[in-house]
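Participant: Can you keep this structure in mind? I'll have questions shortly.
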Amino acid sequence: MTSDRAWLLQGVHNFRDYGGYAVSGGGRLRRGVLWRSGQHHEATDGDLERIAALGLASVFDLRTSKERASHPCRRPAGFAARIHHADDPTGQRAPHVAAAATARQRTPESTRESLRRNYGGICFRPELQAILRRFFAGLGEAGGPSLVNCMAGKDRTGIAVAMLHLATGVHRDDVIADYVLTNTAGDPEARIAAGARTIRDVTGQLDDAVLRVLMGVEPEYLEAAFAAVEERHGSIDAYLAEALGIDPALRERLRDALVEG
């Protein structure tokens with residue numbers, strides 16, 4: 001491990017445990033049962049061996065069918081986890097890929113602005129809300145270790161993890177801290193290079209400085225998502241209930257399944 005929660009794998013990036021955080025009312029999220037990552041298209045045999053040892057019961061793949069077809073995930077032999085796929089969006093891409101494809105004259109700052117703008121709408125994507133409802137319902141069943149992933153493991157996955165943290169009572173500062181671990185988890189240079197290969201497949205050649213922005217995260221992106229949610233729903237809690245179906249009963253099941261101590 002490169003930290004107490006991030007794994008250094010060869011072909012799977014941003015692979016980490018997002019449990020262990022203190023929750024309001026006492027206790028902590030369990031370790032070893034909540035995992036997040038980018039896509040597993042370039043997973044090595046050694047990576048697959050380590051992932052198999054986790055005994056994953058469920059995988060929530062937030063990518064589109066086009067992303068899955070062009071970059072299929074490698075799985076361990078005999079992989080028995082139930083894999084949940086997101087429905088396809090209408091004309092929408094991964095937020096960092098959408099930001100790469102917006103302006104013809106891309107600069108690092110214009111790319112950051114595109115990402116901020118995309119985060120302002122990410123929580124309202126119908127296909128993301130639908131898979132997140134399945135994600136939360138599944139985690140509330142105490143069905144064993146789970147993994148949530150998307151292309152880079154930072155935007156759609158970042159929203160999924162942030163909402164799970166908030167629903168279980170993790171402090172907002174810790175939510176942001178976990179989100180920005182993307183920038184340092186594992187081997188950042190290998191992660192950026194892998195993301196560059198995928199993005200260039202979709203959008204063509206891009207400046208290296210722009211690619212680094214696209215493959216990174218900033219607290220202001222997640223804060224933009226939170227602000228948009230609060231503006232539309234009044235509060236994060238109202239969004240969790242109204243958009244994602246996290247009512248008091250499901251909150252209690254999530255805490256029973258995921259919180260210890």
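Participant: Each label point is 7 Å from the Cα along the Cα-to-Cβ direction; what then is the distance between the points at residue 202 and residue 220, in nm?
Facilitator: 2.3 nm
Participant: Also, I was wondering about something else. Would you look at the GNM of the chain, springs on alpha carbons closer than 10 Å, and say which of 206, 29, 62 moves the most?
Facilitator: Fluctuation is largest for 206.
Participant: What nm distance separates the two modelled labels at residue 212 and residue 69, each placed 7 Å from Cα along Cα→Cβ?
Facilitator: With each label point 7 Å from Cα toward Cβ, the separation is 3.6 nm.
Participant: In nanometres, what is the gap between the two model label sites at residue 77 and residue 256, each 7 Å from Cα along Cα-to-Cβ?
Facilitator: Taking the two extended label points, one gets 4.0 nm.
Participant: Still on this structure, I have one more. With unit charges on the beta carbon (Lys/Arg positive, Asp/Glu negative), name the residue among 80, 55, 123 whose Cα is farthest towards the positive pole of the charge dipole of the range 16-255.
Facilitator: Result: 80, furthest along the dipole toward the positive end.
Participant: Turning to a different aspect of this structure: In what sequence do 24, 70, 58 fall when counting other Cβ within 10 Å, fewest first? Please list the in-between numbers first.
Facilitator: On the way: 24 9, 70 13, 58 19.
Lowest count first: 24, 70, 58.
Participant: Nearest 20 debye, what's the magnitude of the dipole of the range 16-255 about its Cα centre given +1 on Lys and Arg Cβ and -1 on Asp and Glu Cβ? Kindly include the intermediate steps, with their values, before the conclusion.
Facilitator: Working: 32 positive and 31 negative charges, 85 e Å.
Roughly 400 debye, rounded to the nearest 20.
Participant: Follow-up. What does the extension gain come out to for residue 85 and residue 142, with contour length at 0.36 nm per residue minus their alpha carbon separation? Could the numbers behind the result be given before it?
Facilitator: On the way: separation 57, 0.36 × 57 = 20.52 nm, distance 1.97 nm.
Extra length from residue 85 to residue 142 when fully extended: 18.6 nm.
All of the numbers you see were taken from the coordinates with simple rules; none came from a lab. Computed from a predicted model, the values in this text were never measured in an experiment. Glycine gets a Cβ as well: all are built from the backbone with ideal geometry, and neighbour counts include every protein chain shown.
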